[in-house]
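Computed from the coordinates by the stated procedures, all read-outs in this text should not be read as laboratory data. Keep in mind that what you see is a predicted model, and the values were worked out from it rather than measured. Here the Cβ positions follow ideal geometry from the backbone for every residue, glycine too, while neighbour counts run over all protein chains shown.
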Amino acid sequence: MNRRSLLASATGIAAAGAAIQSSKAQEEAATKHDFKLKYAPHFGMFSAIAGQSLSDQLKFAHDRGFTAWEDNRYLKRTPEEQKEIADTMTELGMSMGVFVLSGNAGATEPTFTVKNEDVWNGVLEEIKAGIEPAKQCNAKWLTVVPGAYDLKLDWNYQTANCIELLKRCSDILEPHGLVMVLEPLNQHANHPTMFLRESPQSFQICQAVGSPACKTLFDIYHQQITEGNLIPNIEKCWDEIGYFQAGDNPGRKEPGTGEINYRNVFKYIHDRSKKEGQDFIIGMEHGNSMKGAEGAEAVIQAYVDADNFSVEG
């Protein structure tokens, strides 16, 4: 064999090896992961790979091992889009996480905190309007943000007003087996005007409302900024938590991009929920740290890594 033939042969072998490695990498990337918790992505998170179709994004997530989904904008979608989402999730056996039922996280005018019957009746109509869409997509948990605080009214009066309106909301939702989850939002980085800020505050309000239809949405990103001490606060609030959301800090991107030890946090949620027979969904309410297909794969790998904890018992 002459020199040219030897070079061609070596080049061919190298190319074949590279093709095998590429194929293996793609195969590993497409692995369907057996996650220990129900992590719920949202639309747009995987669109760089799955495309813009709502059903295709759901199918992609399911194929990669995700068993839940979250869509804050569900109520704002067209009836056709709502049906597409509901039908696809039913077909795939995926659980629906939260969608926003009531509240504007950027509001500056009080809603829940000041007794104004016209405003309150508007909130109650929002609550009623979400019941049938929730049933359509088999949603159970519905996000409620109690709105802005009032600079002129003592905080304790505002708390009492908020509790009163939440009791009225609970009376509407409870017969349908639906649960509004109150979301404390951090005032330092994102939501300076919001009344509900801390997990102990939400715990106190839920206890006072005293209904299974009123629980807390513990957003780990927000609570890291507001109060930190995550696992002890989750432990203390446990009985009034209905839902979790994730996002690392700083940056509000996937786990592993910030300071939160998500592997330990997820392990605590998993071990305690299994011990007590609970089944939480963890909404992936954050952005991707990188763009494109690489960013989508990085998010999936981040949850594989964070989910890699030992199981007690």
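Descriptive notes on the structure:
- Kirkwood radius and radius of gyration were both taken over the C-alpha atoms of region 24-108, and their ratio Rg/Rh is 1.02.
- Straight-line cross-link partners of residue 83 among the aspartates and glutamates, defined as a Cα under 18 Å from its Cα and at least 8 positions apart when in the same chain: 56, 70, 71, 91, 132.
- Between 0 and 90°, nearest 10: helix 79-92 axis offset from the chain longest Cα axis: 60 degrees
- Shape call, region 228-313: gyration tensor on alpha carbons, a/c limit 1.5: prolate
- Three principal axis extents describe the C-alpha atoms of region 130-248; from largest down they are 36, 35, 24 Å.
- 0 to 90° range, to nearest 10: angle between helix 199-209 axis and the chain longest Cα axis: 50 degrees
- For the chain, radius of gyration divided by Kirkwood radius, i.e. Rg to Rh on alpha-carbons: 1.08
- Cα centroid separation, region 43-97 to region 296-313: 21 Å.
- Sequence-distant lysines (8 or more away, or on other chains) whose Cα lies within less than 29 Å of residue 275: 32, 36, 38, 135, 140, 215, 236, 267
- 3J(HN,Hα) along region 231-247: 4, x, 6, 4, 4, 5, 8, 3, 5, 10, 9, x, 6, 10, 10, 10, x Hz, from the Karplus curve 6.51 cos²θ - 1.76 cosθ + 1.60 with θ = phi - 60°, whole Hz, x for Gly and Pro.
- Pairs of alpha carbons in region 206-276 whose separation is greater than 19 Å (percent): 34 percent
- Leading residue at positive end of dipole, region 35-306 (Cβ point charges), from 35, 250, 199: 35
- Cα Rg over Rh - region 163-203, Kirkwood: 1.08
- Residues whose placed amide H lies under 5 Å from that of residue 241, excluding near-sequence neighbours: 216
- Counting only Cβ charges, +1 for Lys and Arg and -1 for Asp and Glu, the dipole size of the chain around its Cα centre is about 860 debye.
- Looking at region 55-197, the pairs of alpha carbons with a distance over 24 Å make up 38% of the total.
- Amide H contacts of residue 281 (H built 1.01 Å from N, in plane; Pro and chain starts excluded): 244 sit under 5 Å, all sequence-distant by 5 or more or on other chains.
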